[in-house]
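Working notes, structure below.
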Amino acid sequence: MERRKNSDSGYRRNAPVRRSDIDPEVYRKIMERRQAIDPEVRRIIMEKRKKARRKKVIIRCTILALILVLIITGIVFLIKALASGGERENTSSKTVWKPDKTAQTEEQTFVEERGIVFIDAGHGGEDPGAEEEGRYEKDDNLLIALAVKKELAKLGLKAVMSREEDVSVDREARGKMANEAGAMLMLSIHRNQASVGEGYEIWVPADGDPASRTLAENILKELDHTGISLNRGVKTGTLTDPTKDYPENEVPNMPSCLLEFGFITSVQDNVDLALHRKQYAEAIARAMSVTYGQLYVGE
């Protein structure tokens with residue numbers, strides 16, 4: 001019996017304490033202590049909650065800021081793309097075309113000079129050549145000719161020019177200038193015009209001079225590598241009479257040809273010229289250098 005009593009008392013020690021089992025005075029002291037602690041606990045809890053809220057606000061603001069930056073960046077790129085497209089359209093269709101005066105040639109004096117060639121920028125001055133919506137052939141011809149001269153200098157060929165600014169030069173006088181300069185090759189640069197037409201063609205003397213044809217074929221071959229719109233081939237004589245010559249091919253006493261550098265009335269040809277003028281100039285210079293080597297050096 002004593003053993004069971006001890007067992008019962010042990011059971012009671014492990015049982016939950018109820019308010020009715022606690023002395024009122026002890027309970028009062030416990031509650032006073034709890035009330036003294038609660039404000040501090042509540043303060044800590046509130047601070048933690050405030051920190052959590054601040055953290056959420058910072059995260060949300062950061063996300064919104066990133067989204068705003070992405071949106072602004074996208075808008076800027078879109079505006080630039082639209083502006084770039086507008087500039088290309090204007091360049092190819094309606095802006096007044098004038099030579100870039102800062103693009104004057106710079107001969108590479110450190111290259112050994114191999115010989116002299118003659119570059120003719122067709123038309124000029126009071127003779128504008130073909131015209132399309134404020135764009136003049138004479139200006140395009142000069143830009144190309146100046147670029148070719150610069151590239152020739154890098155290959156050791158001195159280019160004598162019929163003109164290096166917007167001035168008038170008689171067509172027959174251009175061939176005479178080439179003769180007086182002692183040039184070994186002559187290239188006259190022009191642009192075509194038609195209601196419908198696209199591509200590049202080159203004219204050689206009506207007698208089919210083999211040396212002039214070699215120069216013409218080399219030029220078209222090199223231009224082909226740069227991706228011209230269309231190779232219209234080598235032609236002899238003139239557009240109206242294959243038995244007669246353009247003055248630029250008739251007067252010179254050296255191999256010569258007249259290059260129709262695309263159609264000024266072709267949007268595609270104008271865009272190609274605007275984007276690839278340097279590559280075209282390099283191609284023509286290479287062709288003239290190769291031809292010079294074939295005809296005079298045996299290269």
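The values are calculated or read from the model by the stated rules, or taken from the named source; none is laboratory data. None of the values given here were measured: they were computed from a predicted structure. Cβ placement follows ideal geometry from the backbone for every residue including glycine, while neighbour counts extend to all protein chains displayed.
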Apart from one, (1) crowded, with 18+ Cβ neighbours inside 10 Å; (2) among the basic types (Lys, Arg); (3) within 23 Å of Tyr136 (Cβ to Cβ) all hold for Lys278; the odd one out is (1)
Log entry, pairs with first residue in region 152-176 being at positive phi, second being in a loop (DSSP other than H, G, I, E, B) and surrounded by fewer than 20 Cβ atoms within 10 Å (Cβ to Cβ), beta carbons closer than 9 Å, six or more apart or on different chains, reads Gly156/Gln108; Gly156/Val111; Gly156/Glu112; Gly156/Glu113; Gly156/Arg114
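Return yes when Ala206 is in contact with a Gly (Cβ under 7 Å, 6 or more places away or on another chain), assigned to a loop (DSSP other than H, G, I, E, B) and among the hydrophobic types (A, V, I, L, M, F, W, C) and no when it is not.
Details: in contact with a Gly (Cβ under 7 Å, 6 or more places away or on another chain): yes; assigned to a loop (DSSP other than H, G, I, E, B): yes; among the hydrophobic types (A, V, I, L, M, F, W, C): yes.
So Ala206 fits the description; yes.
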Taking region 132-191 and keeping only residues that are basic (Lys, Arg), buried (at least 19 other Cβ atoms within 10 Å of the Cβ) and touching a strand residue (DSSP E or B) at 6+ places or on another chain (Cβ under 9 Å), one is left with Lys138, Lys149, Lys150, Arg163, Arg174, Arg191
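Residue-by-condition table, conditions (1) assigned to a loop (DSSP other than H, G, I, E, B); (2) basic (Lys, Arg); (3) at positive phi; (4) surrounded by 18 or more Cβ atoms within 10 Å (Cβ to Cβ):
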site: Ala216; (1), (2), (3), (4): no, no, no, yes
site: Leu223; (1), (2), (3), (4): no, no, no, yes
site: Pro242; (1), (2), (3), (4): yes, no, no, no
site: Asp269; (1), (2), (3), (4): no, no, no, yes
site: Met288; (1), (2), (3), (4): no, no, no, yes
site: Tyr296; (1), (2), (3), (4): no, no, no, no
By residue number, the members of region 177-196 that are in contact with a helix residue (DSSP H, G or I) (Cβ under 8 Å, 6 or more places away or on another chain) and either more than 21 Å from Lys138 (Cα to Cα) or not charged (D, E, K, R) (or both) are Met184, Leu185, Met186, Leu187, Ser188, Ile189, His190, Gln193
Flagged in region 203-216 as out of contact with any strand residue (DSSP E or B) (no Cβ under 6 Å at 6 or more places or on another chain) and either over 14 Å from Gly293 (Cβ atoms) or among the small types (Gly, Ala, Ser) (or both), in numbering order, are Pro205, Asp207, Asp209, Pro210, Ala211
Restricting attention to region 194-206, the residues that are at pLDDT 95 or above and not aromatic (Phe, Trp, Tyr) number exactly 5
